[in-house]
Amino acid sequence: MSTSTDPAVLTAYTVVCRLDQIEVEGGVAALVGGVAVAIFRTHDGNVYAMSNYDPCSRASVLARGIVGTRGEIPYVASPMHKQAFDLRTGQCLDDAAIRVPTYDVRVADGMVLVGGPRQET
């Protein structure tokens, strides 16, 4: 998560909601550029964004998943079959062959802004 109020940066992002509208250890779903994105807020104050589509259940449900940690890895567990996805990378922690897209996300003036897809690392 990064914080910026630079107008040039903010124009490439979609305002989704106020940060206080996302419960700690919870998620919300929003359409960003026509794509369903799940945005999560963790207990340590970080905000993450990834596709809301769970490829294991083939349903758009990840925003309703359970947020937690495995060691140092923040994750969301799908509410359908409980596969865990790393919030930072989208990598499935239960199946190395599965990954969901992640998105740039920023908080500026208390608002959550989501940008485009992040490049895989």
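Points to keep in mind about this one:
- Screening residue 57 against (1) surrounded by fewer than 17 Cβ atoms within 10 Å (Cβ to Cβ); (2) within 16 Å of the chain's Cα centre (by Cα); (3) not in a strand (DSSP E or B) leaves a single unmet condition, (2).
- Qualifying residue in segment 5-18 (condition: aliphatic (A, V, I, L, M), open to solvent by 40 Å² or more (accessible area, probe 1.4 Å) and free of Cβ contacts under 8 Å to residues at least 40 places away in the same chain): yes
- Residues satisfying the stated conditions in segment 69-79, i.e. over 21 Å from residue 31 (Cβ atoms) and either acidic (Asp, Glu) or in contact with a strand residue (DSSP E or B) (Cβ under 6 Å, 6 or more places away or on another chain) (or both): 72, 73, 75, 77
- Residue 74 being over 20 Å from residue 16 (Cβ atoms) and modelled with pLDDT of 95 or more: no
- Residue count, segment 74-121 (criterion: open to solvent by less than 50 Å² (accessible area, probe 1.4 Å) and either touching an Asp or Glu at 6+ places or on another chain (Cβ under 6 Å) or outside any loop (DSSP other than H, G, I, E, B) (or both)): 21
- Segment 45-54 - residue that is modelled with pLDDT of 95 or more and either among the hydroxyl-bearing types (Ser, Thr, Tyr) or open to solvent by 30 Å² or more (accessible area, probe 1.4 Å) (or both) and, of those, nearest to residue 88 (Cα to Cα): 48
The values are calculated or read from the model by the stated rules, or taken from the named source; none is laboratory data. If you're wondering where the values come from, they're calculated on a predicted model, not measured in any experiment. Here Cβ is always computed from backbone atoms with ideal geometry, including for glycine, and neighbour counts include all displayed protein chains. The accessibility values were calculated without ligands, DNA or RNA, using every heavy atom of the protein model including side chains. Shrake-Rupley method; radii C 1.70, N 1.55, O 1.52, S 1.80 Å.
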